[in-house]
Each structure stands twice: as C-alpha cells, then as structure tokens.
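Peer 1: Handing you this structure, nothing more for now.
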Amino acid sequence: MAERIEQRLEDRLPELEQLERVGLLSRAEMRAVLRKASALEYKIQRRALRKEDFINYIQYEINLLELIKKRRERIGYSFKKDEIEHSILHRVHSLFNRATGKWKDDVQLWLSHVAFCKQWNAKHQLSKVFSTMLAIHPNKPALWIMAAKWEMETRLSSESARHLFLRALRFHPECPKLYQEYFRMELMNAEKQRKEKKEFEKAKMDLGEFNYSEEILNGEMARIVYRDATQKIKGVEFQLAVLSIAKLFDFTQDLQKEILENLQSNYTEDPLTWDYMARRELELGGAQQPPGQSTKQQKVSEMAQREERCWAVFDEAVGAVPTEDMWKCYITFCLERYNRKTNSKELKQKRLERTLSVFNKAHECNLLPEALYKQWLQLLLESSLSEKALEVAEAATRRFSGSVETWQMRLQVLIQLQREDVTQCFEEAVKHMKSKGTLPLWTLWVEWSEGTNSTEDTDALYQRSLRATTPAESVTMKEMYLDWTYRHGGYKKVKRLFTSLCENRPFSLDFFRKMIQIEKEQESCKMLHLREYYERALREFGSTDTDLWLDYIKEELNHPQGKPENCGSIHWRAMKMLQGDLVEDFISKYTLLQTGHL
C-alpha cells in the first residue's frame with residue numbers, strides 16, 4: 001500500500017513543480033499540498049473505506065483547482081493548463097469513479113460528479129458519467145430527464161436526447177413527467193430548426209444540402225409523442241401540462257387545438273377541465289382586444305366583460321358537475337379576481353358581489369367545502385355584514401358539528417363581534433366535541449375569559465379544562481393556568497397551584513421551567529425551592545434532557561445560596577440517568593461549562 005501511495009505522490013510532482021515555476025504556488029505551499037495529499041491518500045487506501053474520506057479528498061482537490069484559478073486571474077497567467085489543471089481534473093474524476101463504484105446507490109454522489117463535470121466543462125467525461133449512472137439507476141426518471149436535457153441544451157444533439165427519452169420510456173412507460181419533457185424537447189427541436197431555416201433563407205443560402213422536414217418544423221414529432229402518451233396516461237392534469245408546454249411555442253396552434261378537443265371530449269366530468277375552460281376566457285378576451293391606446297374606463301369595461309364570460313362558463317360547470325371540487329374551483333377563481341388590485345370601485349364591488357353570491361349558492365347546495373367557510377366569514381366581516389357572518393358561522397357548525405376548527409371559527413366571530421352568547425356557544429361546542437381534540441376550544445375559552453370574566457370564573461374554568469381535556473392536552477392547560485395564576489394571584493398562590501398540579505401527570509418541561517423562572521424573578525429567590533423544582537423536573541425528564549442537568553449545575557455554582565460541592569453528585573446522577581448518545585453530549589457540554597465556554 002505504501003508503495004502505491006508513494007507512486008501517486010510522485011505522479012503529483014510534475015504539476016507541483018510547474019505550479020512553483022510559474023509562481024502560482026510557493027515552495028512552502030507545495031510541501032503543504034504534498035503533506036495533505038499524503039494524509040488523504042492513506043485514508044482512501046485503507047481496507048475499511050469510508051465515503052467521507054473520498055468526499056474530503058475530492059473537496060480538497062476542488063479547492064486546489066479554485067485556488068489555482070483565482071491566482072491565474074490575479075497574476076494574469078493562462079498557460080500550462082494541460083500540465084497543471086488537466087492532471088488534477090483527471091485525479092478528481094478517478095476519485096469520483098472509485099467512490100461511485102463503491103457506493104453505487106448514493107445518487108447524491110453521482111450528482112456531485114455530474115455537477116463537477118458541468119462546472120469544468122468536461123463534456124466527454126460527463127457523457128460517460130450519465131451512461132454509467134443510468135445503467136445503475138434506471139428506475140429514477142429525473143436522472144433520465146437530466147441527461148436528455150444536457151444532450152439537447154448543451155451538446156445540441158436532439159438525436160441523443162430523443163434516444164435517451166425512448167430508453168427511459170421503456171423503463172417508465174407511464175411516467176407523465178417523462179412524456180412532458182420529451183414533448184417539450186421535440187418542440188424545442190422544431191423551434192431550433194425553424195430558426196435555422198429562417199436564418200438561411202434570410203441569408204439567401206441554398207438549402208439543398210440541409211434536410212428540413214416540414215413535419216418536424218410543424219411539431220409533428222411532438223404530436224406523435226402526445227398521442228402515444230394519451231394512450232397510456234389518463235387524467236386531466238397531464239393534458240393541461242402538455243397544453244401549457246405547447247402554448248410556449250408560437251407554431252403549435254393546431255396541436256393546441258387537438259389537445260383542447262381531447263380535453264373537452266374525454267374529461268368533461270373533471271372540474272379541472274371546466275376550470276381551465278373558464279380561465280381561458282380571460283386570455284381569449286385579451287387576444288381579441290384591438291391594439292392601440294384605450295382609456296381606463298374602456299379597459300375596466302373590457303375586463304368586466306371577460307370576467308362575465310368566465311363566470312358564465314363556471315355557472316354552466318357547476319350545473320354539469322355539481323361537486324365540492326367544482327364549487328371550490330369557482331370560488332377560488334372569484335377570490336383571485338376579488339383580491340386582484342384595481343382602481344375601479346365599480347369593478348371591485350362587482351367582484352365582491354359575485355364572490356359572495358357564489359359562496360351563498362355553494363352553501364345552499366351543501367357543497368361548500370369546510371375550509372372555505374373561514375374565507376367566506378372573513379369576507380363578510382370585512383364587508384361589515386356581521387349578521388350574515390353570524391348566520392353563516394352557525395350554519396357551518398350545524399353542517400360540520402364534529403369539527404373543532406369550525407366551532408373555533410364560529411366562536412372567534414362571536415368574540416370579535418362582542419356577542420353575549422359566547423359562553424353558551426362554548427358550552428355547545430364542548431358538548432358536541434366531547435373531550436378528544438378540544439384543546440383549541442379550551443385555550444380560546446380561557447383566553448377570552450381572562451379578558452372578560454372575573455378572576456373566580458376564570459379560575460373555575462381552568463380547573464374545569466383540566467378535567468375535560470385528555471391527559472396529553474391538559475399539559476398545555478397546566479402551563480397556561482400556571483402563567484395566569486402568577487399574573488393575577490402572585491407568588492404564593494402560584495406556588496400552591498404548582499404543588500397541586502404536580503399531583504397529576506403528565507407534565508411538560510416548560511411547566512417546570514416556568515416555575516423555575518417565576519422563582520428566579522422573586523427578590524428573595526431561595527435555592528431550596530429551585531432544588532425542589534429541578535428535582536421534580538429531573539424525575540420526569542432527566543433521562544432525555546441534558547440542558548436540564550447543566551442548568552441545575554449552573555444554579556448550584558452561581559446562586560448565592562448554592563452549594564458547588566453538590567455538582568459532582570449531580571454530574572454522577574446525570575451520567576447514570578441519561579440515555580444513549582445524550583451521555584456524550586452531556587460530557588462535551590459539561591467540559592465547556594468547566595472551561596468557561598458555556
């Protein structure tokens with residue numbers, strides 16, 4: 001092994017001597033490079049190979065390349081690249097090849113090699129990397145697409161890109177993304193050939209030796225890809241994706257028409273089809289607008305007409321496909337138009353009226369999704385329609401009586417409008433929801449009570465919430481109860497409450513930390529009490545939290561009443577109680593604490 005390493009280091013000498021001779025490295029730097037290279041070589045020649053050693057070696061070589069590049073720019077020297085950079089590049093490729101040969105399944109390692117080849121313009125090597133990578137990872141469509149894009153965009157080889165896509169489709173015959181990118185590639189190739197032909201004609205050159213097929217120029221290859229894809233891939237999402245790609249090219253009108261006809265004939269029951277057809281009216285309206293300047297009023301009128309046509313299509317859609325998804329598409333479109341900025345108050349009002357009308361119709365049909373009720377209520381409150389908002393909130397809780405979010409939404413509306421029946425609604429909500437998942441309701445209720453009801457009523461409500469919520473949810477309520485009691489009852493009351501709450505598990509770490517913080521805020525902060533709180537916390541979380549032990553030690557060291565001699569005992573207990581890797585974490589932090597760095 002040593003002989004092999006020595007040989008590799010000797011192979012480095014010519015490039016290093018050249019670097020020193022031309023002034024890119026000093027002699028001291030050359031020796032440092034040799035020492036580092038020797039250490040790295042020994043690591044990658046061991047029996048038990050580690051991926052990190054290869055990565056570190058590769059990164060070191062890349063850093064060296066970057067250093068040489070910067071120094072060349074600084075001194076303005078651009079010669080001897082074959083003798084210097086070429087050998088380093090060859091070594092990096094060799095290291096990558098060994099690493100990817102050993103850890104074939106690490107896709108990130110392959111991609112790093114690809115990125116390196118692209119950065120240093122190693123086209124020939126990159127072609128080999130893609131070929132080997134795809135042979136090992138043929139099950140990853142994204143890698144096929146990356147390779148084909150490189151062939152098309154960098155090497156300008158449509159034939160190679162097409163060959164890769166066809167190979168990929170043999171492995172993934174029903175992959176929508178592959179078909180989309182293949183479709184895009186064929187259109188890009190057609191556009192490239194059209195531009196070439198146009199330039200030749202403009203230069204009045206003889207096209208006899210160039211074979212420009214009219215079918216390819218008109219996108220027929222893309223049409224073949226599309227037709228083949230539609231036989232294997234069903235779904236409106238794919239149709240819309242290829243249509244959006246086709247719209248990027250100005251010579252695909254016939255192809256767009258075919259896709260559109262296919263969409264309308266085969267997917268009339270899909271809400272996305274109707275959504276696209278409706279939104280298309282906005283674009284068609286823009287295309288039909290005559291050129292030239294127009295007044296603001298004319299522009300507003302034109303926009304209103306286009307939106308009317310969109311709404312007409314949506315009205316037809318919800319009649320033909322009366323589903324929640326269809327109404328959701330309609331409402332989403334209305335909200336988008338309403339939120340769009342405009343200086344016309346008339347247009348803004350028209351959009352608001354239409355949006356509220358659509359919300360109402362969907363609600364009357366019992367087809368308004370739960371998530372959209374919140375947006376409806378926000379819109380009603382913004383429009384100062386408080387009575388209608390109350391009516392909608394009540395209707396939502398009738399329809400979704402088992403949803404915490406819906407009850408929370410209704411209660412927030414009542415609180416915002418300062419209604420008297422808030423407590424009654426809270427009682428009704430808790431009754432419907434039983435105990436599981438009611439934490440958001442109880443937190444909202446006690447927060448409202450804190451600002452509205454008496455201290456006695458709020459205290460009773462906190463006590464009730466602890467009984468009503470599940471043990472896991474009661475943890476949050478205990479934290480809130482502790483904080484509220486301290487703010488309204490003072491230290492003595494919160495200490496009694498803490499003792500009382502400690503009788504019933506479970507607890508959270510923040511519950512104990514809150515009490516520790518309260519104790520530290522007192523003028524006569526007693527270490528005896530702090531020890532009690534820390535000991536209680538460690539009984540619950542001592543096996544999983546290193547910071548708690550360290551904070552306890554800090555208190556003993558820094559508190560006026562602390563006993564530094566207790567630190568050894570606390571350290572010993574921590575080492576016994578902490579689990580797994582936490583022991584090492586504790587040791588390192590404790591060392592930092594002893595040296596004054598924590």
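The values are calculated or read from the model by the stated rules, or taken from the named source; none is laboratory data. All figures in this text were calculated on a predicted structure; none of them were measured in a lab. Here the Cβ is made from the backbone with ideal geometry for all residues, glycine too, and neighbour counts use every protein chain on show. These accessible areas exclude ligands, DNA and RNA; they are computed on the full protein's heavy atoms, side chains included. Shrake-Rupley method; radii C 1.70, N 1.55, O 1.52, S 1.80 Å.
Peer 1: In what sequence, largest accessible area first, do Leu356, Leu263 appear using a 1.4 Å probe?
Peer 2: Most to least solvent-accessible, the answer reads Leu356, Leu263.
Peer 1: Arg155's amide H: which non-local residues (gap 5+, or another chain) put their own amide H closer than 5 Å, with H modeled 1.01 Å from N in plane and none for Pro or chain starts?
Peer 2: Under 5 Å from the amide H of Arg155: no residue qualifies.
Peer 1: Just check the chain against the gyration tensor rule for me: Cα atoms, a ≥ b ≥ c as the square roots of the eigenvalues, rounded for a/c under 1.5, and otherwise prolate or oblate depending on whether a/b exceeds b/c.
Peer 2: The shape class here is oblate.
Peer 1: Quick one: Cα centre-to-centre distance for region 212-237 and region 411-485, in angstrom?
Peer 2: Between the Cα centre of region 212-237 and that of region 411-485, the gap is 61 Å.
Peer 1: Out of Leu509, Pro141, Leu240, whose Cα points farthest toward the positive end of the dipole of the chain (charges: +1 Lys, Arg; -1 Asp, Glu; placed on Cβ)?
Peer 2: It is Pro141, whose Cα lies furthest towards the positive end.
Peer 1: Modelled label-to-label distance, Leu13 and Ser26, 7 Å Cα→beta-carbon offset: nm?
Peer 2: 2.4 nm
Peer 1: Continuing with the same structure: At 1.4 Å probe size, with every protein chain present, just tell me what the per residue accessible area of the chain comes to in Å².
Peer 2: Ligands and nucleic acids excluded, the figure is 55 Å² per residue.
Peer 1: Could you pull out the trypsin sites (Lys or Arg not before Pro) across region 328-382 that fall in loop regions by DSSP (anything but H, G, I, E, B) with no more than 16 other Cβ atoms inside 10 Å?
Peer 2: Those satisfying the criteria are Arg340, Lys341.
Peer 1: Which percent of the accessible heavy-atom area of region 336-474 goes to carbon and sulfur, probe 1.4 angstrom?
Peer 2: Taking all protein chains in place, region 336-474 shows 45 percent carbon and sulfur surface.
Peer 1: Extending each Cα 7 Å along its Cβ direction at Glu283 and Arg573, get the distance between those two points in nm, one decimal.
Peer 2: Taking the simple label geometry, Glu283 and Arg573 are separated by 7.0 nm.
Peer 1: Please report how far the C-alpha centroid of region 101-178 lies from that of region 368-384, rounded to the nearest whole angstrom.
Peer 2: Cα centroid to Cα centroid, the span is 49 Å.
Peer 1: Quantify, in whole percent, the carbon and sulfur part of the accessible surface of region 519-597 (1.4 Å probe; protein heavy atoms only).
Peer 2: Exposed carbon and sulfur together represent 49 percent of the surface.
Peer 1: Here's another thing I want to ask about it. Can you compute the helix-only [θ] at 222 nm over the chain? Use -39500 (n - 2.57) per DSSP H run of at least 4 residues, normalise by all residues, nearest 500 deg cm²/dmol.
Peer 2: -25000 deg cm²/dmol
Peer 1: Another one. Using a simple charge model, +1 on the beta-carbon of Lys and Arg, -1 on the beta-carbon of Asp and Glu, nothing else, what dipole does the chain show about its Cα centre, in debye to the nearest 20?
Peer 2: Magnitude of the dipole: close to 1600 debye.
Peer 1: Which parts of region 128-146 would a label at Leu248 reach, counting a residue when its backbone N lies under 16 Å from a point 7 Å out along Cα-to-Cβ?
Peer 2: Answer for this model: 145-146.
Peer 1: Report the full-extension gain for the segment Ser384 to Asp457: residue separation times 0.36 nm, less the Cα-Cα distance, to one decimal in nm.
Peer 2: Result for the pair: 23.1 nm of gain on full extension.
Peer 1: If Leu49, Leu390 are ordered by their accessible area, calculated over protein heavy atoms with a 1.4 Å probe, which sequence runs from highest to lowest?
Peer 2: Largest accessible area first, the residues go Leu49, Leu390.
Peer 1: Still on this structure, I have one more. Using the basic label-point model (7 angstrom from Cα toward the beta carbon), what is the Glu174 to Leu67 distance in nanometres?
Peer 2: 5.5 nm
Peer 1: Quick one: longest stretch of the chain between exposed loop GluC sites (Glu not before Pro), exposed meaning at most 12 other C-beta atoms within 10 Å and loop per DSSP?
Peer 2: In short, 1-173.
Peer 1: Excluding ligands and nucleic acids, what accessible area in Å² is computed for His432 using a 1.4 Å probe, to the nearest 10?
Peer 2: 90 Å²
Peer 1: Which is farthest toward the positive dipole end of the chain among Asn218, Phe400, Trp120, measuring Cα position about the Cα centre, with Cβ charges +1 (Lys, Arg) and -1 (Asp, Glu)?
Peer 2: Trp120
Peer 1: Are there trypsin sites (Lys or Arg not before Pro) in region 44-87 that DSSP puts in a loop and that have at most 16 other Cβ atoms within 10 Å, and which ones?
Peer 2: Within region 44-87, the qualifying trypsin sites (Lys or Arg not before Pro) (loop, at most 16 other Cβ atoms within 10 Å) are Arg46, Arg47, Arg50, Lys80, Lys81.
Peer 1: Compute the length gained on full extension between Ile5 and Ile224: take 0.36 nm times their separation in residues and subtract their Cα-Cα distance, giving the result in nm to one decimal.
Peer 2: Length difference between fully extended and current span is 73.2 nm.
Peer 1: Are there trypsin sites (Lys or Arg not before Pro) in region 127-231 that DSSP puts in a loop and that have at most 13 other Cβ atoms within 10 Å, and which ones?
Peer 2: Those that pass, being in a loop and sparsely packed, are Arg155, Lys204.
Peer 1: FRET efficiency for Glu214 and Ala312, Cβ-Cβ distance as r, R0 = 60 Å, nearest 0.05?
Peer 2: 0.90
Peer 1: At a probe size of 1.4 Å, how large is the accessible area of Asp82, to the nearest 10 Å²?
Peer 2: 120 Å²
Peer 1: Hey, another quick one. In region 1-103, carbon and sulfur make up what percent of the accessible area (probe 1.4 Å)?
Peer 2: 50 percent
Peer 1: Please give me the summed charge of the neighbours of Leu164: other residues whose Cβ is under 15 Å from its Cβ, Lys and Arg +1, Asp and Glu -1.
Peer 2: Taking every Cβ under 15 Å from that of Leu164, the sum is +4.
Peer 1: Still on this structure, I have one more. At a 1.4 Å probe radius, which order do Lys118, Lys388 fall into by accessible area, largest first?
Peer 2: Lys118, Lys388
Peer 1: Still on this model: What FRET efficiency do you get for Gln305 and Val583 if R0 is 56 Å and r is their Cβ-Cβ distance, rounded to the nearest 0.05?
Peer 2: Taking R0 as 56 Å, the efficiency between Gln305 and Val583 is 0.15.
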